[in-house]
Amino acid sequence: MAHFPGYTYNSRYSTNPRPRPRRIEEFGCPEEILMAIHDAIESHRRQYVRTGQIHGNINTETIYIGSPSVFSCNMGFLTESPVKQELFQSVNMLSATVLDREPKFALDYADDLESFYYIIAWMSMAYTDPAVKLHPVMYPSALASWALCPDEPESVLEKQSRLIGSGFASECHQNHFIETGDIHGNVNLDTLYIGAPSPSSNKHGFLGTSPHFDPMFQSVNIVTKSIIDRPFNFKPDYLDDLESFYYIIAWLSFAFESPGVRRPTKDIPRILASLSVNPFSRDAALKKEEMLWGDGFSGACGPYSAFQLKDLSVGEILGSLLKSLHELLKAQYKAKMGTGQETLRESLKTSSKVYDAFRWELLKSVSALNGSQHL
């Protein structure tokens with residue numbers, strides 16, 4: 001059997017046998033993860049104070065749940081492994097191996113503590129229940145941005161940015177922005193999923209991440225910089241992501257006759273068709289800008305009250321939804337133009353009301369589509 005430091009071979013003679021040690025990924029509850037890391041850190045502290053040597057390879061192969069011996073009451077401990085995982089290595093350590101530059105500091109205990117930090121972050125976001133790990137495509141953006149390709153320079157730089165910035169946060173878009181001030185920045189058909197992100201969730205949809213950027217769904221503010229080659233109208237914030245949701249709703253409303261059945265391009269509204277044919281073109285970006293500051297996609301449809309919606313067709317309901325969302329976005333952008341760039345504090349305060357209004361319009365339409373007046 002493998003011999004872990006401090007794990008005595010004669011433990012089979014104990015009158016009070018303990019369960020075998022388990023790798024930290026074999027946790028039974030969140031408390032086991034945290035207590036195992038707590039005790040592993042205490043063991044690390046003693047070792048470092050005594051010898052001045054760092055561990056240098058703290059990862060999910062070297063942290064164990066359980067006691068290293070029958071004489072210990074610890075709930076976790078550190079061991080050694082030939083397996084190296086860049087995923088959990090410190091930015092300082094990866095500077096030399098991935099970024100090909102000199103580390104800013106000599107390696108010390110802080111590098112190992114940083115590895116513990118990444119393990120907690122990864123296990124908090126990658127697992128939904130014991131032994132239930134998310135598929136990488138479903139990783140929240142706060143995890144995917146550095147965990148999908150941990151040995152790439154971009155991932156190390158993302159780690160560095162989060163380390164000296166706001167760290168990690170939950171994925172729910174509204175909570176994510178309100179808690180961190182960070183936006184998703186890539187809301188499109190590849191990042192929006194139907195269903196629950198985990199078996200324990202009752203959500204009907206969630207946001208994932210994707211390396212694919214689609215300017216068709218990006219905000220006017222974003223394409224102004226990337227395609228029209230003008231400065232941002234405003235510093236990107238939550239409204240840019242809500243605007244992307246608006247374009248997705250418009251596309252799915254007009255471009256499909258039924259589930260899985262696309263309309264011919266000639267039958268799609270002209271402005272939407274022009275965006276889909278060549279979304280990278282300057283002309284498409286300018287038309288999008290004109291549409292946003294004009295009447296939107298919905299023309300003369302709606303908006304209707306919740307009780308009027310029940311008598312409308314599906315197309316009319318979706319048209320009313322688009323009209324309402326467009327008016328909401330346009331009003332917020334006009335307010336920003338009148339008051340100037342909001343501070344982060346002001347933006348966070350405003351965003352809660354805007355998120356609620358956006359979601360209310362969606363719920364109102366869902367209720368109408370279900371033929372229910374009970375909102």
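Miscellaneous remarks
- Test: Thr265 is at negative phi and either modelled with pLDDT of 85 or more or crowded, with 16+ Cβ neighbours inside 10 Å (or both): no
- For segment 212-228, filtering for residues that are in a helix (DSSP H, G or I) and out of contact with any helix residue (DSSP H, G or I) (no Cβ under 9 Å at 6 or more places or on another chain) leaves 1.
- Residue selected from segment 124-142 under the condition at pLDDT 85 or above and touching a helix residue (DSSP H, G or I) at 6+ places or on another chain (Cβ under 6 Å), by the criterion farthest from Pro30 (Cα to Cα): Leu134
- Some residue of segment 229-251 being surrounded by fewer than 20 Cβ atoms within 10 Å (Cβ to Cβ), touching a Leu at 6+ places or on another chain (Cβ under 8 Å) and in a loop (DSSP other than H, G, I, E, B): no
- Qualifying residue in segment 266-279 (condition: in the same structural domain as Arg359 (by the TED database) and within 27 Å of His135 (Cβ to Cβ)): no
- Within segment 209-228, if we keep just the residues that are buried (at least 19 other Cβ atoms within 10 Å of the Cβ) and hydroxyl-bearing (Ser, Thr, Tyr), the residue that is nearest to Leu292 (Cα to Cα) turns out to be Ser219.
- Verdict on Leu312 being modelled with pLDDT under 85 and either crowded, with 17+ Cβ neighbours inside 10 Å or farther than 19 Å from Leu275 by Cα (or both): yes
- Single residue of segment 198-238 satisfying the filter (out of contact with any Lys or Arg (no Cβ under 8 Å at 6 or more places or on another chain) and among the aliphatic types (A, V, I, L, M)) that is modelled with the lowest pLDDT: Leu207
- Test: residue in segment 51-73 that is in a helix (DSSP H, G or I) and either out of contact with any Asp or Glu (no Cβ under 9 Å at 6 or more places or on another chain) or crowded, with 18+ Cβ neighbours inside 10 Å (or both): yes
Listed here are the residues, each with its yes/no results for (1) at pLDDT 90 or above; (2) in contact with a strand residue (DSSP E or B) (Cβ under 8 Å, 6 or more places away or on another chain).
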{"site": "Gly6", "(1), (2)": "no, yes"}
{"site": "Ser11", "(1), (2)": "no, no"}
{"site": "Cys29", "(1), (2)": "no, no"}
{"site": "Glu32", "(1), (2)": "no, yes"}
{"site": "Gly66", "(1), (2)": "no, yes"}
{"site": "Leu78", "(1), (2)": "yes, yes"}
{"site": "Phe88", "(1), (2)": "yes, no"}
{"site": "Leu99", "(1), (2)": "yes, no"}
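- Qualifying residue in segment 34-50 (condition: surrounded by fewer than 18 Cβ atoms within 10 Å (Cβ to Cβ), farther than 17 Å from Ser124 by Cα and touching a Lys or Arg at 6+ places or on another chain (Cβ under 7 Å)): no
- Val83 satisfies every condition listed in (1) surrounded by fewer than 14 Cβ atoms within 10 Å (Cβ to Cβ); (2) assigned to a helix (DSSP H, G or I); (3) touching an Asp or Glu at 6+ places or on another chain (Cβ under 9 Å) except (2).
- Within segment 270-294, the set of residues being touching a residue at least 24 places away in the same chain (Cβ under 8 Å), charged (D, E, K, R) and closer than 24 Å to Glu327 by Cβ comprises Lys288, Glu289.
The values are calculated or read from the model by the stated rules, or taken from the named source; none is laboratory data. Worth saying up front: this structure is predicted, and the values here are computed from it rather than measured. Please note: Cβ atoms are built from the backbone with ideal geometry, for glycine as well, and neighbour counts cover all protein chains shown.
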